[in-house]
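The values are calculated or read from the model by the stated rules, or taken from the named source; none is laboratory data. This one's a predicted model, so the numbers in the text were calculated from it and none came from an experiment. FYI the Cβ positions are ideal-geometry reconstructions off the backbone, even for glycines, and counts take in every protein chain you see.
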Amino acid sequence: MATETKSCQRELAIEIPAEVVERETERVTRQIARMARLPGFRPGKAPAQLVRQRFWGDIREQVLHSLIPTYLENAFQERKWTPVGDPAIHDLEFEPQKPLRFRAVFEVLPEIELGDYKGLEVEAAHVELSEEDLEHELEALRERAATYEPVEGRAAEDGDTVVAHLVGVVTEPKEQREPIVLEEALVHIAAEATLEAFSASLRGARAGEERQFSVAYPEDFPQANLAGRTVAFTARVKSLKRKKLPGLDDEFARQVSDAPTLEELKAKLRERLEQARAEREKELTRQRLLDALLARHDFPVPEALLERQMDARLERQVRGLLAQGIDPRRMDVDWRRVRRGGREAAEREARLGLLLECIAEAEGIAARDDDLNREIERLAAGSQLSPEALRARLTKEGGLVRIKSAIRSEKVVEFLLSHARLSAPGRA
C-alpha cells in the first residue's frame with residue numbers, strides 16, 4: 001500500500017511473504033554455518049537450528065539487508081518513482097515463520113509538468129559604462145604602483161600611513177581569547193577603509209610613541225572574528241610613511257602595462273571594461289530568463305535534495321577560502337549558521353537543476369564527448385595537470401558526471417535564450 005501527498009514525501013507499507021523470509025533465512029543460516037565455529041562441532045557441521053539460535057542477530061541483520069532493498073526497489077519501479085536519499089524504516093515486524101512487515105518513508109523526485117518554456121519574454125539587461133569607470137581603473141593601477149616615502153620630523157596627519165606594532169585584547173564580550181598581535185600593521189590615517197577609531201587615535205602620533213585606545217567593531221565588519229566586538233589596543237608606532245602616487249603620463253603607462261603611451265593604456269582599459277560590461281549584461285539577461293522560467297513552474301523540492309545542495313554550496317565556499325590560502329578551521333565563523341543562511345539560494349539552485357534536466361529530456365539535449373573534451377582542456381589549462389591526468393582524476397572522483405550535467409544545463413540555457421523573446425534593454 002502506498003501513500004502519496006502533494007509534497008515529495010511518500011510512504012509504503014510492505015509485507016514480504018513468510019515463505020520468502022524463511023527461504024532467505026535458511027540461505028543466510030547455511031552461509032554462516034559454513035564459517036561458524038561452535039564447541040563440539042567441526043566447521044560447517046553444526047546443526048542449522050543451533051546456528052540460528054547462536055547467531056540470530058547476524059542472521060536477522062543479513063536477511064533484512066537482503067530483502068528490504070529488493071522489495072523497495074521493485075515497488076519503486078512498479079510506481080515509476082525515483083527516490084532521493086535513503087528511506088526511513090518504521091514499524092518493522094520480523095519474527096521466524098511470519099511475514100516481514102515494515103513501513104518505508106522516503107522522498108521522490110517531483111513530477112514536473114512542463115509549461116511554456118519557449119518564447120519566454122525577457123527584458124535584455126543593459127549596463128552603463130562611463131568615464132568614471134575608466135578613471136576608477138586608472139586609480140586602481142596608480143594605487144598598486146604607489147610607493148611609500150618615510151616621514152620624519154613631524155606627527156602623523158591625514159593621508160599618512162602609520163606602521164605600528166599592535167597588540168589587541170577583546171574586552172567585550174567577555175571571553176577567553178588569544179591576544180591579537182600584528183608586528184607590521186599599516187594604518188592609513190583618514191582613509192575610507194580605515195575605521196575612524198584608528199584614525200582618531202593615531203592622528204598626531206610620532207615614531208617611537210605608544211598609544212592605547214579601544215575600537216568597537218560594527219556587527220557587519222568583514223572579519224568575523226572581530227565583528228561586534230570591542231578590542232583594547234596598544235600601538236607602538238614604528239615609523240610614518242606617506243603614499244606617493246605616480247603621475248598619469250606615458251611613463252606610468254609603460255610602468256604598469258605594455259602600452260607605450262597613456263592613451264593606448266586607456267584604450268586597452270576601455271576594451272577590457274567593454275568586455276566585462278558585455279559579460280555582465282549576458283549574465284543579468286540569463287538570470288532574468290531563469291527567473292521567468294522558474295516563475296512558470298511550481299513544484300516541490302525534496303528535502304534530501306535541498307540538504308545536499310546546501311552542503312554543496314558550503315563546500316564551494318570552503319574551497320574558495322582554501323584557494324586563497326585561508327584555513328576555514330581557524331576562522332571564527334559559525335559554519336552551521338552559514339549553511340542555514342544559504343537555504344533559499346540552495347532551493348532555487350535545486351529547483352532550477354530539476355527543471356533544466358526535465359527540459360533537456362524533453363528536447364533531447366545532451367553533453368557530447370567533444371563538449372566534455374573541450375571543458376576538460378579548459379579546466380586543465382587553469383591547473384597544474386595535463387588534460388589526460390585531469391580526466392583520470394575526475395573519473396576516479398566521480399567528477400565527470402557533474403561536469404556532464406553542468407554542460408547539459410548550460411546547453412539548455414543557451415537553447416532557452418535562442419528561443420526567448422528579448423525586449424529592448426532597460427537600465428541596470
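With (1) among the aliphatic types (A, V, I, L, M); (2) free of Cβ contacts under 8 Å to residues at least 12 places away in the same chain; (3) surrounded by fewer than 15 Cβ atoms within 10 Å (Cβ to Cβ) as the list, and residue 294 as the residue in question, which single condition is left unmet? Residue 294 satisfies every listed condition except (2). Taking the range 292-331 as the range and being aliphatic (A, V, I, L, M) and farther than 15 Å from residue 349 by Cα as the test, the residues that pass are 318, 321, 322, 323, 326, 331. Of the set (1) outside any loop (DSSP other than H, G, I, E, B); (2) closer than 30 Å to residue 357 by Cα; (3) of a type outside the set (Phe, Trp, Tyr), all apply to residue 112 but (1).
Yes/no matrix, rows are residues, columns are (1) in a helix (DSSP H, G or I); (2) modelled with pLDDT under 90; (3) closer than 30 Å to residue 285 by Cα:
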residue: 366; (1), (2), (3): no, no, yes
residue: 370; (1), (2), (3): yes, no, yes
residue: 373; (1), (2), (3): yes, no, yes
residue: 385; (1), (2), (3): no, yes, no
residue: 396; (1), (2), (3): yes, yes, no
residue: 403; (1), (2), (3): yes, no, yes
residue: 407; (1), (2), (3): yes, no, yes
residue: 413; (1), (2), (3): yes, no, yes
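Looking across the range 386-428, the residues that are among the β-branched types (Val, Ile, Thr) and touching a residue at least 24 places away in the same chain (Cβ under 8 Å) come down to 403, 407, 412, 413.
Taking the criterion of being among the aliphatic types (A, V, I, L, M) and exposed (fewer than 12 other Cβ atoms within 10 Å of the Cβ), no residue of the range 328-349 qualifies. Quick check: anything in the range 188-204 in contact with a strand residue (DSSP E or B) (Cβ under 7 Å, 6 or more places away or on another chain), surrounded by 14 or more Cβ atoms within 10 Å (Cβ to Cβ) and of a type in the set (Lys, Arg)? No, the range 188-204 has no match at all. Only one of the listed residues (352, 306) is touching a residue at least 60 places away in the same chain (Cβ under 8 Å), in contact with a helix residue (DSSP H, G or I) (Cβ under 8 Å, 6 or more places away or on another chain) and either of a type in the set (A, V, I, L, M, F, W, C) or surrounded by fewer than 13 Cβ atoms within 10 Å (Cβ to Cβ) (or both). That residue is 352.
Filter the range 148-166 for residues that are in contact with a helix residue (DSSP H, G or I) (Cβ under 8 Å, 6 or more places away or on another chain) and assigned to a strand (DSSP E or B); which is nearest to residue 200 (Cα to Cα)? Applying the filter and picking the extreme gives 162. Restricting 146, 125 to those that are within 30 Å of residue 252 (Cα to Cα) and either in contact (Cβ under 8 Å) with a residue 24 or more places away in the chain or assigned by TED's automatic domain parsing to the domain that holds residue 10 (or both) reduces the list to 146.
Considering (1) under 20 Å from residue 186 (Cα atoms); (2) exposed (fewer than 14 other Cβ atoms within 10 Å of the Cβ); (3) not basic (Lys, Arg), the lone condition that residue 235 does not fulfil carries the number (2).
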